[in-house]
Amino acid sequence: MWYDAVRPGLLLYGIVPPPLASTIPLRPVMSLTSRVTAVKGVRPGEGVGYGWRFQSDTPRSIAVVPAGYADGLDTRLGGRGAVLIRGHRVPVVGAVSMDMITVDVTGLDDVAPGDEVVILGAQGEEPWQRIDAREMAASIGTIPWEIVCRLGTRVERQYTQPVQV
């Protein structure tokens, strides 16, 4: 670099832009969370989402989460993305609707309304208990900038004090 200015971009969010991967030791500073509003059973042959984009061949438990494309979630996450509930990755199934997503919580005991859902961020200390903008972008074939910039004004912002490391 020959100039005295920089464009920090994603670095401000603690996200190392591709293709640098883990060459800069940063920690993401943004999270996006919601709560389970309902858990419903789906029988074989039934489906969820616009046009039944997910149709089950076995009994499934489906959680409804109030977050959708009006909040900035990409519609391509349906059938490709995941969220964290109780420290477990669960897949987004069906279509991403304007105001909600549905996730398959089959096998997770006692998932109930009020449970925290992490869309971006961490829910535990293990690497697989974190979903960041780079991972989400890769799952739908886009770039992390698009994931961060899509978050709309309906999403309540909560600013906290920085953590000293």
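The values are calculated or read from the model by the stated rules, or taken from the named source; none is laboratory data. This one's a predicted model, so the numbers in the text were calculated from it and none came from an experiment. Cβ atoms come from the backbone with ideal geometry, glycine included; neighbour counts cover every protein chain shown.
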Open item on the list: Restricting to region 32-73, name every residue that is in a loop (DSSP other than H, G, I, E, B) and farther than 15 Å from VAL103 by Cβ.
Closed with: ARG43, PRO44, GLY45, GLU46, ASP57, THR58, PRO59, GLY72
TODO: Scan region 91-119 and report the pairs whose first residue is touching a residue at least 60 places away in the same chain (Cβ under 8 Å) and whose second residue is surrounded by fewer than 24 Cβ atoms within 10 Å (Cβ to Cβ) and of a type in the set (Lys, Arg), with Cβ atoms within less than 8 Å and a gap of 6+ or a chain change.
DONE: VAL111/ARG86; PRO113/ARG35; GLY114/ARG35; ASP115/ARG35; ASP115/ARG86; GLU116/ARG35; VAL117/ARG35
- [ ] Examine region 122-144 for a residue that is small (Gly, Ala, Ser), in contact with a Gly (Cβ under 9 Å, 6 or more places away or on another chain) and not in a loop (DSSP other than H, G, I, E, B), and state whether such a residue exists.
- [x] yes
TODO: Test VAL105 against the criterion of being surrounded by 21 or more Cβ atoms within 10 Å (Cβ to Cβ), farther than 20 Å from GLY141 by Cβ, more than 12 Å from the chain's Cα centre (by Cα) and at pLDDT 95 or above, and give yes or no.
DONE: yes
Task: Hits in region 77-102 (condition: more than 11 Å from the chain's Cα centre (by Cα), buried (at least 18 other Cβ atoms within 10 Å of the Cβ) and among the hydrophobic types (A, V, I, L, M, F, W, C)) - done: VAL93, ALA95, VAL96, MET100
